[in-house]
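Below is one structure, written out as structure tokens; comments come after it.
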């Protein structure tokens, strides 16, 4: 839960009582934008922002919330996205904002995207993501979030790695929204091998895609039997 | 004069009607008794009148208190003054409940001001008394807005006294009471938030009081109390030092003058559990578990003596794990505490705690059923059976999956989840926003997206949980098919289920994904509750090679150890019994026969022999061993 890139200042904020101090929100927000730019991710720090918004509705900044949700989306299948939503308390009309709040419109969209990702409907995710309806999201938010699309691809890769030993290029391509040379390059970077004749990619063995039937045997160690043995010894 | 006194007396028997009283006095003066009224005028100004009136009302109320209750309060006060924990415990756990049942099952206890003369106006005892007074109102009666505000003020006074006196206070209270203080504080906070969020049912007066309520029961003030108690007692430092095996002297140095006192140490510990609960109620499940970083979840620590606290801890930890999708961890948490509750059921006689504990236990059996359906594997058979006994119908639906399973999940979740709250009140300080909330003024308002505004917190968390569950809905069906094969083509499987092949493959990836959970690893009991590794929790495993699914199943081998140990124990017991049993000597019969026949027994009878001389005691003992 603690990324290596977290600085001491942030660590103190996340772990201490200072996380409740509204005047620290800008430090955490800056840290979020740093994550957006440098492809880093720190769920606990971002939850701390939402916590401050929860307690201090006047701090609420919809752009920050949307960026936090985008980052959490790519942490799938970890529950981060839901954890963020859990903290978005009901709020009454935001009269103090200059522009209309984009969150009420975008939230169902983001939840839809999350559902597709969590349910491993990767091709459907890309179709939805490229749709006209999501233009606002793409133009105003994901474009700023460096490496967003690659991060989604990594979600797919994590899932594929666990479930497959071999996968056709066509199928993998649909999951990654890549084809041709781009796909080739991507596979190469992963260190996976492509059999040119069958166009089937082999995925190196890992603990999840190596399966074997096991019989779980109980293992009893001597200390667990001390009571029985010592009772017998005492009586003897 | 006498007449006037009568009037005052009669009017003041009812405390609430002081306004009418003024009118009565005014009229009285104009009704021909002018001289009297004139003479009295300088003496009874308004303040004196109010004071007198209050005093007399109190006297009236005081005279109505049964003598046994007066005696009880005096005794209770004395026990608190003497810091006599044993007597305080008796008064708190039995006396209070006894007199509640007898005299106050449907009405309030006498107000603190009324009983004040009994306890020499001891302000500390009166605070403690009010703590009990309001708790009784909340649990047996319907608190009105004054009760809600005053119970908050009283809690603040209590914590203020504990935290801001000159150094640690000398007061001592039983652990159970200390837990109840924290527990009740959070309970009243939760009840207040729920009550506050219902805008429509408020009266004018309530609306005014709420708009001026300020920090009353605000999330910040509640958290402030809990964090202050944690910091003052240095409870986290205490736990760490204890785990590191420091000596009592070193620990005393580390925790300082507050932490050395049991009152502060226990309040500190209970405040950590309180934070766990408050954060869970507010929907911050990670932070809830994070505040528990230093607390080791086991049943050996000295903090587990208060069972209600122990049970609450496991309930909230388990629930947070569910919301983190860590179902195996949730199951382990529930199993360990449900086993404990079963074991100690026979020792619990105090009903007011036991009721609460068995209610929480029942909710945990429901949560167990939920988790077991989402992460099917063999856990504790005993607990699993009880859970199925109580929630068999729902469990069958949940385990079968598909669309039909969702109502069963919803039913059990709503039954067993905590009473979630929102951190902030509706805009009572902003009448326009408030009226817009109660009745949307124009049709355009109503048609605006209401995703964020109209959902109460319970349904927000429910919808997130159900979304997770719905994602898993196809898994049980897939699982039942895969169980029949060791390898199976994806196309064939798709034909069985009458769906598209690509869709089946994606569902398989999902199935693989949900069979893995972040889990705490054995041997890491001391690490944070949030730590863990991704582990496969399913007994069915598979992998896809292009379009072919290969399946394996883990089985549990036959268990011998339990059988072996049980029988060893039984044999040992029989052996012991045989050894300890008196030998069925034929001489024994002969002895009794002899005893009746002749008063002087033979040398074999040790019992009559022993008392004769001291010297023969050794032989007596030796005879028994042999």
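The table below lists the values:
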item: Qualifying positions in segment B:186-226 - surrounded by 16 or more Cβ atoms within 10 Å (Cβ to Cβ) and not in a helix (DSSP H, G or I); result: B:199, B:202, B:213, B:216, B:217, B:218
item: Only listed residue being free of Cβ contacts under 8 Å to residues at least 40 places away in the same chain, more than 7 Å from every other protein chain (Cβ to nearest Cβ) and in contact with a helix residue (DSSP H, G or I) (Cβ under 9 Å, 6 or more places away or on another chain), chosen from A:203, A:229, A:167, A:220; result: A:229
item: Test for residue A:39: is it under 30 Å from residue A:161 (Cα atoms) and more than 12 Å from chain B (Cβ to nearest Cβ); result: yes
item: Any hit, segment B:481-503, residues being in a loop (DSSP other than H, G, I, E, B), within 12 Å of another protein chain (Cβ to nearest Cβ) and free of Cβ contacts under 8 Å to residues at least 12 places away in the same chain; result: yes
item: Positions within segment A:56-92 being at the interface with another protein chain (Cβ under 10 Å from one of its Cβ atoms), assigned to a loop (DSSP other than H, G, I, E, B) and closer than 19 Å to residue B:534 by Cα, in sequence order; result: A:76, A:77, A:78, A:79
item: Subset of segment A:175-198 (residues that are surrounded by 12 or more Cβ atoms within 10 Å (Cβ to Cβ) and either more than 26 Å from residue A:128 (Cα to Cα) or free of Cβ contacts under 8 Å to residues at least 40 places away in the same chain (or both)); result: A:178, A:179, A:182, A:183, A:184, A:186, A:187, A:190, A:192, A:193, A:194
item: Flag for residue B:130 being under 18 Å from residue B:75 (Cα atoms) and not assigned by TED's automatic domain parsing to the domain that holds residue B:215; result: yes
item: Considering residues of segment B:268-294 that are in a loop (DSSP other than H, G, I, E, B) and either touching a residue at least 60 places away in the same chain (Cβ under 8 Å) or within 20 Å of residue A:51 (Cβ to Cβ) (or both) only, the residue farthest from the other protein chains (Cβ to nearest Cβ); result: B:292
item: Search result, residues across segment B:517-552 that are farther than 18 Å from residue B:374 by Cβ, outside any loop (DSSP other than H, G, I, E, B) and modelled with pLDDT under 85; result: B:533
item: Given (1) closer than 19 Å to residue B:169 by Cβ; (2) in contact with a helix residue (DSSP H, G or I) (Cβ under 8 Å, 6 or more places away or on another chain); (3) outside any helix (DSSP H, G or I), number of the condition residue B:105 does not satisfy; result: (1)
item: Candidates B:74, B:90, B:68, B:80 - the one that is buried (at least 18 other Cβ atoms within 10 Å of the Cβ) and part of a helix (DSSP H, G or I); result: B:80
item: Subset of segment B:557-606 [assigned to a helix (DSSP H, G or I) and at pLDDT below 60]; result: B:587, B:588, B:589, B:590, B:591, B:592, B:593, B:594, B:595, B:596, B:597, B:606
item: Residues satisfying the stated conditions in segment B:358-383, i.e. assigned to a helix (DSSP H, G or I), farther than 22 Å from residue B:466 by Cα and over 23 Å from the mean Cα position of the chain (by Cα); result: B:381, B:382
item: Residue within segment B:329-339 that is within 14 Å of chain A (Cβ to nearest Cβ), more than 18 Å from the chain's Cα centre (by Cα) and surrounded by 15 or more Cβ atoms within 10 Å (Cβ to Cβ) present; result: yes
item: Any hit, segment B:178-194, residues being more than 14 Å from chain A (Cβ to nearest Cβ), modelled with pLDDT of 85 or more, over 30 Å from residue B:94 (Cβ atoms) and in contact with a helix residue (DSSP H, G or I) (Cβ under 9 Å, 6 or more places away or on another chain); result: no
item: Within segment A:206-217, tally of residues that are loosely packed, with under 11 Cβ neighbours inside 10 Å, at the interface with chain B (Cβ under 9 Å from one of its Cβ atoms) and either part of a strand (DSSP E or B) or in contact (Cβ under 8 Å) with a residue 24 or more places away in the chain (or both); result: 1
item: Residue B:131 being in contact (Cβ under 8 Å) with a residue 40 or more places away in the chain, more than 20 Å from the chain's Cα centre (by Cα) and in a helix (DSSP H, G or I); result: no
item: Candidate set from segment B:510-542 (those that are within 8 Å of another protein chain (Cβ to nearest Cβ) and free of Cβ contacts under 8 Å to residues at least 24 places away in the same chain); member that is farthest from residue A:121 (Cα to Cα); result: B:531
item: Conditions (1) away from every other protein chain (no Cβ under 13 Å); (2) under 29 Å from residue A:125 (Cβ atoms); number of the one not met by residue A:48; result: (1)
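The values are calculated or read from the model by the stated rules, or taken from the named source; none is laboratory data. Note that the structure is a prediction, hence the values are computed from the model and not measured. A quick note on method: Cβ atoms are made from the backbone with ideal geometry, for glycine too, and the neighbour counts reach across all protein chains shown.
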